[in-house]
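Asker: The structure follows.
The values are calculated or read from the model by the stated rules, or taken from the named source; none is laboratory data. All of these numbers come straight from a predicted model, not from anything done at the bench. Using ideal geometry, Cβ is built from the backbone for each residue, glycine included, and neighbour counts are taken over all protein chains shown.
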Amino acid sequence: MTASSRSPGRVTAIVIAIILATGLVWMGFLTRKPMITRNTEDFSKPVYAAEWLKLPTCEDVLAVYPNKAKAEALKDPVMVNMSCGIRPDGHLEACEITEESLRGYAFGEAALKLSTKFEIKTTAPDGSALPGLKVGVPMNFDPIFAPDETGQVKLCGA
């Protein structure tokens, strides 16, 4: 067998490897959780993942952390998901709670209060404008008032 007769097989193998690698990268892209959508109700069609310019501080979270959760020193994190509109100035508007992992403690209300502390970049990487679109805002309320193994409650990294 000459080198020239092996060359087409080698080229075919390389092309197949490139196609498979591209497919794996594309599948990884599709499995990311979408953040921003053009459809105001459907988060299954992502535009791109949000780029936050400003987020709530630990002090902001402490100010709205639900009293019932403080009193009971909850030990498990609580997830709250919001859907919010993006204003031209990058702030959020018309936020609604779409999911709350623990009801009856007012974490949803706390998340809505914190929505004023977020600011998002208003231009997507492709240059398109984001104001008027919806953004999904996942919030994790860690058990910040639960005592650690020594019995101490440490807030804001203290």
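Asker: Looking at region 97-122 only, could you name the residues that are part of a strand (DSSP E or B) and loosely packed, with under 13 Cβ neighbours inside 10 Å?
Answerer: Kept after step one, since they are part of a strand (DSSP E or B), are these residues of region 97-122: 97-100, 119-120.
Correct list: GLU99 only.
Asker: Can we say SER83 is modelled with pLDDT of 85 or more, in the same structural domain as VAL137 (by TED's automatic domain parsing), among the hydroxyl-bearing types (Ser, Thr, Tyr) and touching a Lys or Arg at 6+ places or on another chain (Cβ under 7 Å)? Write out each step before concluding.
Answerer: Working: modelled with pLDDT of 85 or more: yes; in the same structural domain as VAL137 (by TED's automatic domain parsing): yes; among the hydroxyl-bearing types (Ser, Thr, Tyr): yes; touching a Lys or Arg at 6+ places or on another chain (Cβ under 7 Å): yes.
It is true that SER83 is modelled with pLDDT of 85 or more, in the same structural domain as VAL137 (by TED's automatic domain parsing), among the hydroxyl-bearing types (Ser, Thr, Tyr) and touching a Lys or Arg at 6+ places or on another chain (Cβ under 7 Å).
Asker: Here's something else I'd like to know. Considering every residue within region 75-83, establish whether at least one is within 21 Å of LYS54 (Cα to Cα) and in contact (Cβ under 8 Å) with a residue 60 or more places away in the chain.
Answerer: First, pick out the residues of region 75-83 that are within 21 Å of LYS54 (Cα to Cα): 79-83.
With the extra rule that they be in contact (Cβ under 8 Å) with a residue 60 or more places away in the chain, the set shrinks to 79-80.
Scanning region 75-83 turns up at least one residue that is within 21 Å of LYS54 (Cα to Cα) and in contact (Cβ under 8 Å) with a residue 60 or more places away in the chain.
Asker: Only one of SER101, SER115, SER128 is polar (S, T, N, Q) and touching a residue at least 40 places away in the same chain (Cβ under 8 Å). Can you tell me which? Don't jump to the end; show me each part of the working.
Answerer: Details: SER101 fails: touching a residue at least 40 places away in the same chain (Cβ under 8 Å); SER115 fails: touching a residue at least 40 places away in the same chain (Cβ under 8 Å).
Of the residues listed, the single one that is polar (S, T, N, Q) and touching a residue at least 40 places away in the same chain (Cβ under 8 Å) is SER128.
Asker: Before we move on, is PRO46 surrounded by 10 or more Cβ atoms within 10 Å (Cβ to Cβ) and modelled with pLDDT under 90? Lay out the reasoning, then the answer.
Answerer: Values: surrounded by 10 or more Cβ atoms within 10 Å (Cβ to Cβ): yes; modelled with pLDDT under 90: yes.
Considered against the rule, which asks whether it is surrounded by 10 or more Cβ atoms within 10 Å (Cβ to Cβ) and modelled with pLDDT under 90, PRO46 comes out as yes.
Asker: Could you run through region 133-158 and say how many residues are exposed (fewer than 12 other Cβ atoms within 10 Å of the Cβ) and small (Gly, Ala, Ser)?
Answerer: 3
Asker: Determine, yes or no, whether VAL153 is out of contact with any Lys or Arg (no Cβ under 9 Å at 6 or more places or on another chain), part of a loop (DSSP other than H, G, I, E, B) and either closer than 18 Å to LEU53 by Cα or not assigned by TED's automatic domain parsing to the domain that holds GLU51 (or both).
Answerer: Values: out of contact with any Lys or Arg (no Cβ under 9 Å at 6 or more places or on another chain): yes; part of a loop (DSSP other than H, G, I, E, B): yes; either closer than 18 Å to LEU53 by Cα or not assigned by TED's automatic domain parsing to the domain that holds GLU51 (or both): yes.
Spelling it out, VAL153 is indeed out of contact with any Lys or Arg (no Cβ under 9 Å at 6 or more places or on another chain), part of a loop (DSSP other than H, G, I, E, B) and either closer than 18 Å to LEU53 by Cα or not assigned by TED's automatic domain parsing to the domain that holds GLU51 (or both).
Asker: Another question about this same structure. Take the residues in region 49-76 that are surrounded by fewer than 17 Cβ atoms within 10 Å (Cβ to Cβ) and in a loop (DSSP other than H, G, I, E, B); name whichever of them is modelled with the lowest pLDDT. Please lay out each step first, then the result.
Answerer: Taking region 49-76 first, the residues surrounded by fewer than 17 Cβ atoms within 10 Å (Cβ to Cβ) are 49, 51-55, 57-60, 62-63, 67-68, 70-73, 75-76.
Filter once more, keeping what is in a loop (DSSP other than H, G, I, E, B): 49, 51, 55, 57, 73, 75-76.
On the way: ALA49: 72, GLU51: 86, LEU55: 90, THR57: 89, ALA73: 85, LYS75: 84, ASP76: 86.
Step by step, filter region 49-76, then rank; the result is ALA49.
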